[in-house]
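**Q** Take this structure first; my questions come after.
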Amino acid sequence: MTNTSTLIAARPADRGPPAWTRWLDLGDRALAVVLLAPAAILLALIIVYPVLRLGYTSFFSLSLTSGLPGEFVGLENYSLMLEDPVFWETTWNTVLITLITVPGALLAGLALALLANLPFGVQWPVRLSLLIPWALPLSFAGLIFAWFFHSEYGVVNDVLNRMGFEGIIWFNSPNWAFAAICLTIIWKTSSFMALIILAGLQTIPRSLYEAADVDGAGRIRQFFEITLPLLKPSIVVALIFRTITALQTFDIPYMMTGGGPGTSTATLAMYIHQNTVSFLDLGYGSALAVVMFALSMCVTAVYLRAIRTKE
Amino acid sequence: MSAVANPGFSSLLSGRPLRFIAGGALIVNGMFPALWILFTSLKTEAELTAKPITWVPHAPTLSNYMQAFSDQPLHIFLFNSFMVALLSTGLTLLVSVLAAYALARLNLRYRGLILSLIIAVSTFPLVTLLVPLFEIMRTLNLLNTWVALVLPYTVLSLPVCTLMLVSFFEGIPRDLENAAMIDGCTRMGALFKVVVPLCAPGVFTAGILAFVNAWDEFLLALSFNSNPTLRTLPVGIQLYQGEFAFPWPVISAALVVGIVPVAVLIVIFQERVVSGLTAGGIKG
């Protein structure tokens, strides 16, 4: 870049840029600072300061309804939390949703990707079918599937009836409601998984399969010994992102059940939201958020390590 | 999506009828929920509660759409969603173009560290910041404003867009920029007159992702903007549920209205969106 700088310095003044832009002609280091500053300021305001504030507030008893200034209570919010059955229930629900829907979305996504990788003459309907579920807002998906699982007029029970089964009153029983939520999340997230896996599938050289054909390896064996190992990097990245978003599950259960019956399908994110926005109990809400933060940082650590080993 | 066959599975299912079934399964999986909501939105209340339920509406009606706009200020929800999504997309693009240019072109000493940080931020659970962001917005008197959503949404899309643009910028030959600078452009001039136009597809794809992210967000919108005139679409749509009644055809109509803008974007720019999504792992 030094060559260009001298060139710019040497050019006749009348060919130069308008004077008001000249202050932008900085050295590399100064320019870097200017270019990265807006991003850094935004991240500082929306992530770094709030994270520090989060940790700080979690040591205070701070309820906006009382109108009192916050009082330092040390670890009291955390000890309250350990004795709070709703905290344990919502955390367990969140972990369970993660454990069910992440592998579920992976398997469904793998199946969709393998189907979409067939040599179709026309590509756009297939591509669109994978994009629409991704683009549909989570909250919309929650409402749409609540209607699907409607006990009287829902299409799911209609299909069950036509197949000779009794319809299920999905949202009256904790287990069925939980199942309906998990199915919805898997449907919503598997398409994105499929797009990532499909992109991976299309980078696998055809010659590998031809060589395996020559060696007499069957299709199933080719799948497990060529396709799956070569897909691993793209699957790992998709899985980690999916895990982190699963830990934050809010929209779909909020729209489908509102956490009910009781709190049997409420997630940690819903409990944080309730404590913060409905009860205005910011201290306790912060302590809950610290737990979710810790859970998700563990996953991020695994992710960064996975990326580093890939490089 | 190339048409190149992957013999691993395709020859197992290469017959025409099987391909037909596979395509059908994909399309039903992807389109059925949206299609079902469209059908529901065209049904009358009477048809909806008929047993056994009908699939395709017998006597399609648009009255649910009229009611969706008259029961709640749907046009205001749409306007808020549009403005918040457009503003945050614009801000995301501006900030990430600048940052990506620095990362792609300047020989930064901490480039690796900064990139790792950006990746770490991209996995950041924004939900956990609900409390402090709520406090900050409250202190700054920003609750019930577009800004309260625009700033967090920008941060939500910033890492992904920056990483994407870095890889696009790296694909543009430096000679073009140098030539522009010899012709009297400043470095910033070269960025906005040469690099950005050449990367237009990439910038555009990043913009679509940012727009969809903002259009979809629910939790922060629900928590920060409860004022009826500032609700975004996902928040407003819940208001159709009465205390006892759940007017599904009207809700469906409102959902269709909310799906159409994003669906149009996706239909027109599908190839770009797919390439953008798969360029790096992105939240889904």
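**Q** Which order results if B:96, B:122, A:207 are arranged by neighbouring Cβ count within 10 Å, fewest first?
**A** Arranged by neighbour count, lowest to highest, B:96, B:122, A:207 become A:207, B:122, B:96.
**Q** Hey, what does the equivalent ellipsoid look like for region A:97-164, semi-axes from the Cα gyration tensor as sqrt of 5 times each eigenvalue, largest first, whole Å?
**A** Rounded to whole Å, the semi-axes are 26, 17, 15.
**Q** Stokes-Einstein D for region A:171-243 at 37 °C, 0.692 mPa s, Kirkwood Rh over Cα pairs, in µm²/s?
**A** 226
**Q** Now for a different question. Show that you can apply the helix-only estimate: for chain B, add -39,500 (n - 2.57) for every DSSP H stretch of four or more residues, divide by all residues, and state [θ] at 222 nm to the nearest 500.
**A** Theoretical 222 nm ellipticity from helices: -21500 deg cm²/dmol.
**Q** At q = 0.33 Å⁻¹, work out log10 I(q)/I(0) for region B:103-151 with the Debye formula, treating every Cα as an identical point scatterer and leaving solvent out; two decimals please.
**A** -1.17
**Q** Who wins for biggest fluctuation among A:212, A:246, A:199 in a Gaussian network model of chain A, springs between alpha carbons below 10 Å?
**A** In this elastic network of chain A, the residue with the biggest mean-square fluctuation among A:212, A:246, A:199 is A:212.
**Q** Report the semi-axes of the equivalent ellipsoid for region B:75-209 in whole Å, largest first, where each axis is √(5λ) for an eigenvalue λ of the Cα gyration tensor.
**A** Each semi-axis is the square root of five times an eigenvalue, giving 31, 18, 12 Å.
**Q** Now for a different question. Work out the P(r) tail for the protein assembly as shown: percent of alpha carbon pairs separated by more than 42 Å, whole number.
**A** 27
**Q** Another question, if that's okay. Name the shape class, rounded, prolate or oblate, that the alpha-carbon gyration tensor gives for chain B, where a ≥ b ≥ c are the square roots of its eigenvalues, rounded holds for a/c under 1.5, and otherwise prolate holds if a/b is larger than b/c and oblate otherwise.
**A** Note, shape of chain B comes out oblate.
**Q** With labels modelled as points extended 7 Å from the Cα through the Cβ direction, what inter-label distance (nm, one decimal) is found for residue B:193 paired with residue A:160?
**A** Here the answer is 6.7 nm between the modelled labels.
**Q** What whole-number value in cubic angstrom gives the convex hull volume per residue for the C-alpha atoms of region A:181-311?
**A** With only Cα atoms used, region A:181-311 gives 128 Å³ per residue.
**Q** Same structure, new question: Could you sort A:50-56, A:248-254, B:249-255 so that the peptide with the highest average Cβ count within 10 Å comes first and the rest follow in order?
**A** B:249-255, A:248-254, A:50-56
**Q** How large is the Rg to Rh ratio of region A:76-310 when both quantities use alpha carbon positions and Rh follows Kirkwood? Before the final figure, lay out each step's value.
**A** On the way: Rg = 20.8 Å, Rh = 19.9 Å.
My calculation of the ratio gives 1.04.
**Q** Over the Cα atoms of region A:118-197, each weighted equally, I'd like the Debye log10 I(q)/I(0) at q = 0.11, 0.17 Å⁻¹, rounded to two decimals.
**A** The Debye formula, applied to the Cα set alone, gives -0.38, -0.77.
**Q** While we're on this one: What's the whole-number percent of alpha carbon pairs in region B:7-65 lying beyond 20 angstrom?
**A** Taking all Cα-Cα pairs of region B:7-65, the fraction more than 20 Å apart is 47 percent.
**Q** What does the convex hull of the alpha-carbon atoms of region B:145-284 project to on average, in nm²? Each step should come with its number before you reach the end.
**A** Working: hull surface 43.3 nm².
So the mean shadow area of the Cα hull is 10.8 nm².
**Q** Sticking with this one: For region A:24-127, just list the percent of Cα-Cα distances falling in each 5 Å bin from zero outward, please.
**A** Over region A:24-127, the share of Cα pairs per 5 Å bin runs 2, 9, 8, 8, 9, 10, 9, 10, 11, 11, 7, 3, 1, 0 percent.
**Q** Report the Rg/Rh value for region B:1-147, based on alpha-carbon coordinates and the Kirkwood definition of Rh. Write down the numbers at each step before the final one.
**A** Details: Rg = 24.9 Å, Rh = 22.0 Å.
Here Rg/Rh amounts to 1.13.
**Q** What's the long-distance tail for region A:222-294, i.e. % of Cα pairs beyond 20 Å?
**A** Result for the distance tail: 48 percent.
**Q** For region A:257-311, report the translational diffusion coefficient in µm²/s to the nearest whole number, using Stokes-Einstein at 10 °C, 1.306 mPa s, and a Kirkwood Rh over Cα pairs.
**A** 123
**Q** Per-residue counts of other Cβ atoms within 10 Å, averaged by peptide: what ranking do you get for A:295-305, A:271-281, A:181-191, highest first? Intermediate values should be presented prior to the final figure.
**A** Working: A:295-305: 16.3, A:271-281: 19.8, A:181-191: 24.8.
Sorting A:295-305, A:271-281, A:181-191 by mean packing, highest first, produces A:181-191, A:271-281, A:295-305.
**Q** Follow-up. Tell me the relative contact order for chain B as a rounded percent, counting alpha carbon contacts under 8 Å between residues six or more apart. Intermediate results must be reported in sequence, preceding the final value.
**A** Working: 278 pairs, mean separation 84.3, N = 284.
Worked out over chain B, it gives 30 percent.
**Q** Rounded to the nearest 0.05, what FRET efficiency do residue A:80 and residue A:44 have when you use their Cβ-Cβ distance and R0 = 41 Å?
**A** 0.85
**Q** How far apart, in nm, are the 7 Å Cα→Cβ label points at residue A:33 and residue B:140?
**A** Result: 2.4 nm between the two label points.
**Q** Pop the C-beta distance of residue A:278 and residue B:50 into the FRET formula with R0 = 35 Å and round what comes out to the nearest 0.05.
**A** Efficiency for this residue pair is about 0.35.
**Q** So, how do all the Cα-to-Cα distances of region A:209-256 break down into 10 Å bins, in percent, from 0 on up?
**A** All Cα pairs considered, the percentages come to 22, 28, 21, 17, 10, 2.
**Q** Turning to a different aspect of this structure: Apply the Karplus parameterisation 6.51 cos²θ - 1.76 cosθ + 1.60, with θ equal to phi minus 60°, to every residue of region A:261-268 and state each ³J(HN,Hα) to the nearest whole Hz, in sequence, with x for glycine and proline.
**A** x, x, 10, 6, 10, 7, 9, 4
Since every read-out is calculated from the coordinates, none of them should be taken as a lab result. Since the model is a prediction, treat every value here as computed from it, not as a measurement. No Cβ is skipped: glycine too gets one built from the backbone with ideal geometry, and neighbour counts run over all protein chains shown.
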